[in-house]
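Peer 1: Quick one: the structure is below, questions incoming.
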């Protein structure tokens with residue numbers, strides 16, 4: 001670890017995918033609705049973002065909301 005700081009895209013970082021990428025919740029680039037999220041793979045030190053899911057729907061536990069489950073490999 002170098003102690004260096006960097007900005008990582010994503011509304012909420014959830015889990016490491018590998019040494020340089022994280023799985024995160026993020027909203028669409030032009031979307032202001034914080035409840036309209038999808039899972040994305042973000043690269044540390046880069047603006048690169050790969051969608052992993054479609055946008056989830058609903059507000060505060062309404063039908064259509066789901067939560068990802070992560071497991072060690």
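The values are calculated or read from the model by the stated rules, or taken from the named source; none is laboratory data. Since this is a predicted model, take the numbers as computed values, not measurements. We place every Cβ from the backbone using ideal geometry, glycine too, and count neighbours over all the protein chains shown.
Peer 1: Counting only residues that are part of a loop (DSSP other than H, G, I, E, B) and either closer than 16 Å to residue 69 by Cβ or under 8 Å from the mean Cα position of the chain (by Cα) (or both), which one in region 10-24 is modelled with the highest pLDDT? Please lay out each step first, then the result.
Peer 2: Residues of region 10-24 part of a loop (DSSP other than H, G, I, E, B): 10-11, 17-20.
In the following step, the residues that additionally are either closer than 16 Å to residue 69 by Cβ or under 8 Å from the mean Cα position of the chain (by Cα) (or both) were identified as 10-11, 17.
Values: 10: 78, 11: 79, 17: 91.
Ranking the candidates gives 17 first.
Peer 1: Determine the pairs where a residue that is more than 11 Å from residue 26 (Cα to Cα), located within region 44-61, has a partner that is at pLDDT 85 or above and loosely packed, with under 13 Cβ neighbours inside 10 Å with Cβ atoms under 7 Å apart, the partner being 6 or more residues away or on another chain.
Peer 2: Within 7 Å, the pairs are 44/20.
Peer 1: On to the next question. Could you please find all residues in region 25-59 being assigned to a strand (DSSP E or B) and at pLDDT 90 or above?
Peer 2: Hits for region 25-59 are 39, 40, 41, 42, 43, 50, 51.
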